[in-house]
1. For residue 19 and residue 61, what does the FRET efficiency come to when R0 = 25 Å and r is the distance between their Cβ atoms, rounded to the nearest 0.05?
2. What is the gain in length, in nm to one decimal, between residue 33 and residue 91 on full extension, counting 0.36 nm per residue of separation less the C-alpha to C-alpha distance?
3. Residue 86: net charge of surrounding residues, Cβ under 12 Å, Lys/Arg +1, Asp/Glu -1, itself excluded?
4. Multiplying the sequence separation of residue 8 and residue 77 by 0.36 nm and subtracting their Cα-Cα distance, what value in nm do you get?
5. So what's the stretch 10-104 giving for Rg/Rh, alpha carbon basis, Kirkwood Rh from the mean inverse pair distance?
6. Applying the Karplus parametrisation 6.51 cos²θ - 1.76 cosθ + 1.60 with θ = phi - 60° to the phi angles of the stretch 9-23, what ³J(HN,Hα) value in whole Hz is obtained for each residue in order, glycine and proline being reported as x?
7. Show the residues, 5+ positions off or on another chain, whose built amide H is closer than 5 Å to the amide H of residue 15.
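Nothing in this text is a laboratory measurement; each read-out follows from the coordinates by a stated rule. As the structure is a computational prediction, the values presented were derived from the model and not from experiment. In this analysis, Cβ positions are derived from the backbone assuming ideal geometry, glycine residues included, and neighbour counts consider all displayed protein chains.
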Amino acid sequence: MKCPKCDLDMSPKTFDNVEVDRCFGCGGIYVDKGEMEQLENKKLSALIDIAGKSEKAEIMDDVEAICRRCDNPMISLRGANDVKFDWCDKCEAMFFDRGELAAMDVVIDDD
C-alpha cells in the first residue's frame, strides 16, 4: 500500500496481533477501521509510534491525505490531547503523521 501523504510504500507491521501500516518515508501510521480501538485497549500506541514527533510532522499536517484503500480524500480531525489526524469517511481508516499516534495516548494528570 502507498502512504496517504508521501506516496511511498508502506510496510505492514504486527504488534500483539494488531496489524498497522507504517511509512518509512514520512513516519506516518495507517490503521484500518477497528484497529485503533485494539491499539488503545492494548496500550500499543507509544510502542508503534516510537519515533516521536519530528520537524517534518508539522509540514505533513498541511499535506492532503488520500486514503489508499478507497482513493478518497481524508478529513482532517482533532482527537485526544488535541492531536490532528486524518480520517476516511468511506472506510473509516485513520492516518497519523509521525508522533501523532503516541501523542494521543499521553495521559494528562489533572492532580
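1. Efficiency for this residue pair is about 0.50.
2. Length gained between residue 33 and residue 91: 20.2 nm.
3. So the surrounding residues net to -3.
4. Gain in length upon complete extension: 22.6 nm.
5. For the stretch 10-104, the value is 0.92.
6. Along the stretch 9-23, the couplings run 5, 9, 10, x, 10, 10, 10, 6, 6, 10, 9, 10, 10, 10, 9 Hz.
7. For residue 15, whose amide H was placed from the backbone, the distant partners under 5 Å are 20.
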